[in-house]
1. Of all the Cα-Cα pairs you can form in segment 26-66, what percent are over 16 Å apart?
2. Heavy-atom accessible area per residue, the chain, 1.4 Å probe: how many Å²?
3. At 1.4 Å probe size, with the rest of the protein present, what percent of the exposed accessible area of segment 20-115 is carbon and sulfur atoms?
4. About its Cα centre, how strong a charge dipole does the chain have in debye, to the nearest 20, once Lys and Arg get +1 and Asp and Glu get -1 at the Cβ?
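The values are calculated or read from the model by the stated rules, or taken from the named source; none is laboratory data. None of these values were measured; they are calculated from a predicted model. Here the Cβ positions follow ideal geometry from the backbone for every residue, glycine too, while neighbour counts run over all protein chains shown. To get the accessible areas, we keep the full protein, side chains included, count just its heavy atoms, and leave off ligands, DNA and RNA. Shrake-Rupley method; radii C 1.70, N 1.55, O 1.52, S 1.80 Å.
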Amino acid sequence: QVQLVESGGGLVQPGGSLRLSCAASGITVNFYTMGWYRQAPGKQRELVAAITRGASTNYADSVKGRFTISRDNAKNTVYLQMNSLKPEDTAVYYCNAKFSLYDYWGQGTQVTVSS
């Protein structure tokens, strides 16, 4: 079956960096649009960044210039490099894979930005 396993979350000070990883099994990531979403307490889940099958990327305005999504086809893994982190980036971050009617989610990883 399909599994998306996120890792790399944690506690970081404002201005710091983290790299999230999403290791996929049961699917091939370059056949899907892979996305990172986040959900903060009391807020709706929102798209942070996505990378398409053709490797086009798009980002939420709030993270443009700070976050970078990438994909390693050999490792079947998607990454989210997060730099210049702000307290408002605090959320649970989820990996998502979409293609046609197929829509898969990981379990999420907590990112907390605090001094």
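1. Result: 44 percent of Cα pairs exceed 16 Å.
2. Working: 6080 Å² over 115 residues.
Accessible area per residue: 53 Å².
3. Carbon and sulfur: 49 percent of the exposed surface of segment 20-115.
4. Values: 11 positive and 7 negative charges, 26 e Å.
Using only the charged Cβ atoms, the result is roughly 120 debye.
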